[in-house]
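Presented below is the structure to which this report refers.
The values are calculated or read from the model by the stated rules, or taken from the named source; none is laboratory data. None of these values were measured; they are calculated from a predicted model. Using ideal geometry, Cβ is built from the backbone for each residue, glycine included, and neighbour counts are taken over all protein chains shown.
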Amino acid sequence: MTKAVAIMLSALTALCCVLAGVDAQSAPIATVIDAEFEKAWQRDGLTPANAANDAEFLRRVYLDVVGVPPTREEAIKFLDGDLPGKRAELIDALIADPRFGKHLSDLWTAILAGRAMERGGGPAGDLMAVWLAQRFNENKRFDETVTQLVTATGKASVNPAVTYITMIGQPPRTADVAGLVMKHFAGVQIQCAQCHDHPYDSAWKQADFAGVASFFAPVELKIDFTRQPYDPDLVEREMPSRRDIENFKRTTKDAEGRTRAEELLAYYTPKLPGDVAVKTRDVKSWRPMFARWLVAPENPATARYLVNRFWSFLFGSGLALPVDDFNSLTKTTHPELLNALAREFAGDFDVKRLYRRILNSRVYQLSGERSEKTASAGVRQLAPEQFFGALFTLTEGDALERSFGRLAVSPFVRLRQVVDIADKQRKPDSKEPYPYDRDALARYEKILEGMDSAWRLRRALSAAYSRLSSDDEMADSDGFTLTIDQALAVLNGEVTRRLGGTLGGTLLRGIIDKHATMKDRVEALYLSVLSRRPTDAEAKRGADFVAGEVVARRKEPDAWEDLFFALISTTEFATNH
């Protein structure tokens, strides 16, 4: 092919992409995505659904990219726009929005630490969330993010990345750290080989687990519990000789000390899978050595897992299932596509580009219309943070922050008030130990300037609702229909109650004041709650309901409140549809 022909074909491809509403940069992988699914549809005798209409696409892409649905004004602007390529333009705008990083941070923090306050919520979880959000928004290479989490050292107030390991346990057990690191960043359940060879994956032996875990054996957590705020300090201590450990185990009468000695003996020699044992006893080089292997091009499983995880955020299911257990039995629905996405991602671990590729594909933009022989977009239940984000878009100003003031305020802000009082009461010549660490507190406050009160409140409420789970193993739940307690809390809870009403500052009051006709009010309510205009039948039913209630001598505001509550109680509101 001549250079002139190649340039011409490139120009034609770019033109076609513009006309189709797909940006040229995303065309190659977007085309691969669609081609792979097209083959599967033909194989299974399926017909792809039509493209999602603008309203369906709008709500879906907002929830998936920034974690909240559009406001009424944002919905009207997009739905009434008729410029070609407006979907690609919206995708670019949302990926550039600071809420993009916050949403991805919430998803990853839930994976790495859990939502519940006791296991990942509160100050430590918030520190990690702010740190991750900044990295996502700055589009830092994700392999570098993984490396920093795995190798972090120092104090949490200086390096928030250390919170990943500190939240695994205090102190963090070597076996737990190794198992979770491999699960979280490589999708391998290596902890199944801790006590014996892996039961269903012959690639992992007990010796492999011991070799991987040994990289984390020197990790030690130091905390001064006599001062507030606590400032966990993650360090690597020198490993004693094997002889010294054996002598200590033999002579000590302390059961906890003996257990620790046994752990040190079991995880004494780091070894990468398929490699020889590490000879150096420079323990500070061990975790960086492991991290380099974890994200290296020679270890493609990590990129495949990470791509699969990001894909699951956008589709509710991975290309390989289960999403966090890559093994010889893992089923991959589109292996060629997963490999193609992973190869590109492994080049520079660019999360924003990966999102842009997927979001611009035909597959992502399919309608959710379902029939027996139709391939359509899946309807997904909202994650807790998305659900509360959807509720928060229905408030005017900072109404919810005022209502839940304590949850919306960082615990470090409250501690600052205590410290200020203690400073005033402390005598200049006092010899008593001072229980507050002013420097650590100032550093924490500086970091958490990146978390506004609305974001903090969403996270706190999500943690509270996730704990309303009937799981026998006390696992955090991902949605709001898992238990009766959760469903009732959402339908009748304090957050929902405070959204209703027609007093000043509420959504309904604003709609009533701004729109004079029944038709316009119903339309504004639908745009606010469901990000779309009502159908003719819905508009008539809504107007008839309010009018009928007025005739029945009820106050009109009460009727509007009932209609509002009916809409936020729908499945449509609680899902990405």
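Taken over the stretch 79-90, the criterion of being surrounded by 20 or more Cβ atoms within 10 Å (Cβ to Cβ) and closer than 11 Å to L58 by Cβ is satisfied by R87, L90. There is no residue in the stretch 445-456 that is within 19 Å of G114 (Cα to Cα), at pLDDT below 60 and crowded, with 18+ Cβ neighbours inside 10 Å. Annotation note: of A161, A124, the sole residue that is free of Cβ contacts under 8 Å to residues at least 40 places away in the same chain and either closer than 25 Å to D325 by Cβ or of a type in the set (G, A, S) (or both) is A161.
Mind checking which residues of the stretch 101-116 are closer than 15 Å to A383 by Cα and either at pLDDT 95 or above or within 8 Å of the chain's Cα centre (by Cα) (or both)?
Scanning the stretch 101-116 gives K102, H103, L104, S105, D106, L107, W108, T109, A110, I111.
Residue pairs whose Cβ atoms lie under 8 Å apart, separated by 6 or more positions or on different chains, with the first residue in the stretch 404-415 and in contact (Cβ under 8 Å) with a residue 40 or more places away in the chain and the second aromatic (F, W, Y) and not in a helix (DSSP H, G or I), are L415/Y436.
Can you name the helices (runs of 4 or more DSSP H) wholly within the stretch 501-577 that have at least 2 residues being in contact with a His (Cβ under 9 Å, 6 or more places away or on another chain)?
Answer list for the stretch 501-577: 518-530.
When each of L314, L306, L264 is tested for being at pLDDT below 90 and not in a loop (DSSP other than H, G, I, E, B), the lone residue that passes is L264. Is there a residue being more than 18 Å from L294 (Cβ to Cβ) and either among the aromatic types (F, W, Y) or not assigned by TED's automatic domain parsing to the domain that holds T280 (or both) anywhere in the stretch 194-201? Scanning the stretch 194-201 turns up at least one residue that is more than 18 Å from L294 (Cβ to Cβ) and either among the aromatic types (F, W, Y) or not assigned by TED's automatic domain parsing to the domain that holds T280 (or both). Only helices (runs of 4 or more DSSP H) whose full extent lies in the stretch 353-438 are considered here, and the ones with at least 3 residues that are at pLDDT 85 or above and surrounded by fewer than 20 Cβ atoms within 10 Å (Cβ to Cβ) are 411-425.
The residue pairs whose first member lies in the stretch 552-577 and is among the acidic types (D, E), whose second member is in a helix (DSSP H, G or I), and whose beta carbons are closer than 6 Å, counting only pairs six or more residues apart or on different chains, are E556/V550; E572/L530. For the stretch 317-345, taking the residues that are over 18 Å from A40 (Cβ atoms) and at pLDDT below 90, the one that is surrounded by the most Cβ atoms within 10 Å (Cβ to Cβ) is identified as F326. Taking (1) surrounded by fewer than 19 Cβ atoms within 10 Å (Cβ to Cβ); (2) touching a helix residue (DSSP H, G or I) at 6+ places or on another chain (Cβ under 7 Å) in turn, K140 satisfies each apart from (2). Among residues belonging to the stretch 205-247 that are over 29 Å from the mean Cα position of the chain (by Cα) and closer than 21 Å to E445 by Cα, point out the one that is surrounded by the fewest Cβ atoms within 10 Å (Cβ to Cβ). Selected residue: F225. Number of residues in the stretch 169-192 that are touching a residue at least 24 places away in the same chain (Cβ under 8 Å) and outside any helix (DSSP H, G or I): the value is 7.
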